[in-house]
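The values are calculated or read from the model by the stated rules, or taken from the named source; none is laboratory data. Since we're looking at a predicted model, the values are computed, not measured. Glycine gets a Cβ as well: all are built from the backbone with ideal geometry, and neighbour counts include every protein chain shown. Accessible surface areas use protein heavy atoms only, side chains included; no ligands, DNA or RNA. Shrake-Rupley method; radii C 1.70, N 1.55, O 1.52, S 1.80 Å.
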Amino acid sequence: MTRFSSPHPDTPSGLFIRTFGCQMNEYDSERMEGILLTDGYESVESAEDAKIIIINTCSVREKPEEKTYSEIGRYRDLKEKHPDLIIIVAGCVAQQNAAVIIERFPIVDAVVGTHHVGEISNIVAQIRKGHGPIIADDFSDECRIDPFPRRRGLISAFVTITQGCNNFCSYCIVPFVRGRESSRNAGEIIRDVEELGAGGTVEITLLGQNVNSYRDPKRGMDFPELLEHVADVPGVRRLRFTTSHPKDLSDRLVDAYRTIPALCSHIHLPLQSGSSRVLAAMNRKYSKEEYLEKIDALRSVRSDLAVTTDIIVGFPGETSTDFEETLYVMERVRFDGAYSFKYSSRPLTKASTLKDTVDDEEKSRRLTILQELQKEHTLCTNRLHVNTIKEVLATGTSRRDPDVITGRSVHNKVVNFTGRYEDIGSLIPVKIIEARNNSLLGEAIHNYSIRSM
Ligand code: 5AD
Ligand code: SF4
């Protein structure tokens, strides 16, 4: 994603943000960055050059939560050297453990919970006046996703449409750290998208913990209708959304893949487990059969739809037969990609009261089997694209080779290709010549008409 450029390039005050976790956190980081750039700060690549360090944290599993604490500790020496350095901890761990963070890390000037991201400017001003340490961790039910400060020059951008989650999957801490679900006004969302479209953004990704349950608080517009409106905004050539919950994937949303050409041929649809028994214990509210029916329905309207997913292994009570069922669903769907995790007990959740019956060694064994299978499937799905011409949104140059242009296909595959620097920011026809494990290689065909793809 392209970075913001500072409106005050001469201001020496550096801002360094370290982001852990999901796209919601990335969005919140971008939002804090946007606000502070408007205040005259300037993004820097290294913490050593910063006047403000923000650590935006994730607590969805135990590992990333632990990472937060070691990350905060890393800045002790810097703070000793520069006592005026401002250190802020934001995000889900901040929401969950504000008091603990302040007590354990005296170097922290403020803990900013998930509902206070939009107040970052004021919080920094308070710290500057010497009012630290600050804790902003109360929750409110109203939607606190304020419009973004002006974002310019993004080729692809997230737009948040819902905050929080009401689903209470039994393993998940999100409803406790991000609060109840609420939807943003459709008018505000459309205005955000219009501004992005006018500024050259080609691809919009609508973001929420469960986007399918979006409902405009004023006019009652639902998610499929919102998609239609967003797709109509001038400049928007590609539309994506994440994350959807299978239980709320309606027939009308399936139909949107038939009627909205800008909707990219990709869906991220977390499976979590292929065993209906485990799904019930997870409080997911769908069975293995219902999940498969949804996939079939989607593929009946978009035969080339790429599907990615999230899977947890070793949920309390998961037997080897349950695990086999997950592998069965993987074989049946052949996901284009999967994020897979060992179950990790989280405070406050219903599952934390269950006995963790699968030991760590067995969880690791299952995870390895699953990941090996997924690797095969990912490569197979990637190979299907070889010798075809795909429309790629060029977003930059490859990190490994600055002469190679990189971007994503409508199927959300990373495509590295030989092209021109001027291609960046545009939709480019690319002939795919090789499939790798996690990307495709190709060459731009500049005289090819995208309309004929
Ligand atoms: N343990 C393991 N994985 C989890 N996830 C959420 N909570 C847990 C947990 N307690 C995974 C789910 C979710 C993804 C974002 O993280 O698969 O979809
Ligand atoms: Fe967590 Fe379930 Fe909500 Fe996703 S839908 S954020 S897994 S509670």
With DNA, RNA and ligands ignored, accessible area of ARG191 (1.4 Å probe; Å², nearest 10): 150
Sort ARG219, ARG252 by accessible area with a 1.4 Å probe, largest first. ARG219, ARG252
So GLU194 and LYS285, fully extended at 0.36 nm per residue minus their Cα-Cα distance, gain in nm 29.2 nm
Okay, which of region 340-372 sit inside 17 Å, backbone N to the point 7 Å along the Cα-Cβ direction of ASN437? 340-341, 367-372
Estimated distance in nm for a label pair at LEU327 and SER426, the labels positioned 7 Å out from Cα along Cα-to-Cβ: 4.9
Quote the FRET efficiency, to the nearest 0.05, computed for ARG258 versus ARG128 with a Förster distance R0 of 41 Å and r equal to the Cβ-Cβ distance. 0.15
Between PHE168 and ASP296, what is the FRET efficiency for a Förster distance of 30 Å, r being their Cβ-Cβ separation, to the nearest 0.05? 0.60
Could you work out the per residue convex hull volume over the alpha carbons of the chain, in cubic angstrom? 149
Can you give the relative contact order of region 292-375 as a percent, counting alpha carbon pairs under 8 Å and 6+ residues apart? 38
Residues of region 82-98 with amide N under 11 Å of a point placed 7 Å along Cα→Cβ from PHE139: 96
Förster radius 41 Å - calculated FRET efficiency between ASP251 and ARG400, Cβ distance, rounded to 0.05: 0.40
With an 8 Å Cα cut-off and a minimum separation of 6 or more residues, compute the relative contact order for the chain in percent. 9
Would you please classify the overall shape of region 125-275 from the alpha carbon gyration tensor, given that a ≥ b ≥ c denote the square roots of the eigenvalues, rounded means a/c under 1.5, and beyond that prolate means a/b larger than b/c while oblate covers the rest? oblate
Hey, if you put +1 on the Cβ of every Lys and Arg and -1 on every Asp and Glu Cβ in the chain, which of HIS115, SER70, GLY442 ends up farthest toward the positive end of that dipole? GLY442
What part of the accessible area of the chain, given as a whole %, is carbon or sulfur when the probe is 1.4 angstrom? 48
Gyration tensor (alpha-carbon) shape descriptor, region 28-80, a/c threshold 1.5: oblate
Counting only heavy atoms of protein chains, what accessible area per residue, in Å², does the chain have with a probe of 1.4 Å? 45
